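The values are calculated or read from the model by the stated rules, or taken from the named source; none is laboratory data. What you are looking at is a predicted structure, and each value in this text was computed from that prediction instead of being measured. Here the Cβ positions follow ideal geometry from the backbone for every residue, glycine too, while neighbour counts run over all protein chains shown. For the accessible areas, the whole protein counts, side chains as well, though only heavy atoms, and no ligand, DNA or RNA atoms are used. Shrake-Rupley method; radii C 1.70, N 1.55, O 1.52, S 1.80 Å.
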Amino acid sequence: MTVIAISSVDRQTKCWKKADGPRVAKVLKHIYSDNTGHYKDIPILTFGASSGGGFVASVLPAAMKEMGVPLVGYISQIMARPLLDSSENAVYITMDRDMVTDANAESIVETLKGNRVKALHIRLPPIPLSDSYFSDRIVEITEKQSTDLVKALKSANMLDTSGLLSEDPRKSNWRSVLANLEVHGDTLEADESPISEVLNVAWSMHEMSRDGVSQALDFLLKK
């Protein structure tokens, strides 16, 4: 597998827009075609989260068709915009607390299936924080540090009896609870801190996650 990461043109909001479609399709065409104009025998899948999810589902497929680039399917994570017309195989990954996106994804997938398009909806539930939760997801954090982080959250009554976060980490004061612990220079700032990101994943509300991606790839590549 070859992974190609491409940034959007808008580097202020970093969101994806319609103008990004042709440029991304052009890059993929260049990479996946040989000098004679023929395409390599490699399936092309696209993945995007949030605005990127909307981009790979509703903008990029049309741009790739115009370029004549074959597309096996796409994975749209934490975004489910209504589609006007689509024949691409699709996987939508949503988080349980984002009920609007979840409902939209379910509707889209059912419509695609009705049109005989291969489609799957994967739901990501809230995740209980085991002692190794942080070290399992952040390479810089050791098992001991992970245990200390979870212990601090428990002591502050920020986890319920099942180990689930009791409050939305985008609104709670978890930063003051963890501020004095050794976290390898993690700033704890939103959209920058790995700890902040994985807490959002544990809460299950609009955050990019590794969860569900392997299942999505297996589904799209299975013949």
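Looking at 130, 214, 135, which one is small (Gly, Ala, Ser), touching a Gly at 6+ places or on another chain (Cβ under 9 Å) and either buried (at least 17 other Cβ atoms within 10 Å of the Cβ) or closer than 26 Å to residue 102 by Cβ (or both)?
So the residue among 130, 214, 135 that is small (Gly, Ala, Ser), touching a Gly at 6+ places or on another chain (Cβ under 9 Å) and either buried (at least 17 other Cβ atoms within 10 Å of the Cβ) or closer than 26 Å to residue 102 by Cβ (or both) is 130.
Scan region 136-155 for residues that are closer than 14 Å to residue 194 by Cβ and either in a helix (DSSP H, G or I) or in contact (Cβ under 8 Å) with a residue 40 or more places away in the chain (or both) and jot them down.
136, 137, 138, 140, 141, 145, 146, 149
Tell me, which residue of region 31-59 that is more than 21 Å from residue 105 (Cβ to Cβ), hydroxyl-bearing (Ser, Thr, Tyr) and open to solvent by less than 50 Å² (accessible area, probe 1.4 Å) is modelled with the highest pLDDT?
Per the stated criteria, the residue is 32.
Any idea how many residues of region 8-30 are over 20 Å from the mean Cα position of the chain (by Cα), among the basic types (Lys, Arg) and open to solvent by 100 Å² or more (accessible area, probe 1.4 Å)?
Going through region 8-30 one residue at a time, the tally reaches 1.
Working carefully through the options 130, 87, find the one that is of a type in the set (Ser, Thr, Tyr), at pLDDT below 95 and on the phi < 0 side of the Ramachandran plot. Give the steps one after another, and end with the answer.
On the way: 130 fails: at pLDDT below 95.
Going through 130, 87 in turn, just one is of a type in the set (Ser, Thr, Tyr), at pLDDT below 95 and on the phi < 0 side of the Ramachandran plot: 87.
Out of all the residues in region 197-207, is one or more modelled with pLDDT of 95 or more, aromatic (Phe, Trp, Tyr) and open to solvent by less than 30 Å² (accessible area, probe 1.4 Å)? Give the derivation first.
Going residue by residue through region 197-207, those that are modelled with pLDDT of 95 or more are 197-207.
In the following step, the residues that additionally are aromatic (Phe, Trp, Tyr) were identified as 203.
Those still in the list that are open to solvent by less than 30 Å² (accessible area, probe 1.4 Å) too: none.
Checking region 197-207: not a single residue is modelled with pLDDT of 95 or more, aromatic (Phe, Trp, Tyr) and open to solvent by less than 30 Å² (accessible area, probe 1.4 Å).
Which one of these is without any contact (Cβ under 8 Å) to a residue 40 or more places away in the chain and either surrounded by 17 or more Cβ atoms within 10 Å (Cβ to Cβ) or of a type in the set (Phe, Trp, Tyr) (or both): 100, 91, 109?
109
Note down all Cβ pairs under 8 Å where the first residue falls in region 172-183 and is closer than 13 Å to residue 155 by Cβ, the second is among the aliphatic types (A, V, I, L, M) and in a loop (DSSP other than H, G, I, E, B), and they're at least six residues apart or on different chains.
Hits for this filter: 174/156; 174/158; 177/156; 177/158; 178/188.
Any chance region 178-196 includes a residue that's modelled with pLDDT of 95 or more, farther than 27 Å from residue 52 by Cα and not charged (D, E, K, R)?
Yes.
Out of the residues in region 72-88 that are surrounded by 20 or more Cβ atoms within 10 Å (Cβ to Cβ), of a type outside the set (Gly, Ala, Ser) and in contact with an Asp or Glu (Cβ under 9 Å, 6 or more places away or on another chain), which is nearest to residue 19 (Cα to Cα)? Spell out the reasoning first.
We begin by selecting, within region 72-88, every residue surrounded by 20 or more Cβ atoms within 10 Å (Cβ to Cβ); these are 73-80, 88.
Going one step further and asking which of them are of a type outside the set (Gly, Ala, Ser), we end up with 74-75, 77-79, 88.
Now narrow it down to the ones that are in contact with an Asp or Glu (Cβ under 9 Å, 6 or more places away or on another chain): 74, 78.
Working: 74: 19, 78: 21 Å.
This residue is 74.
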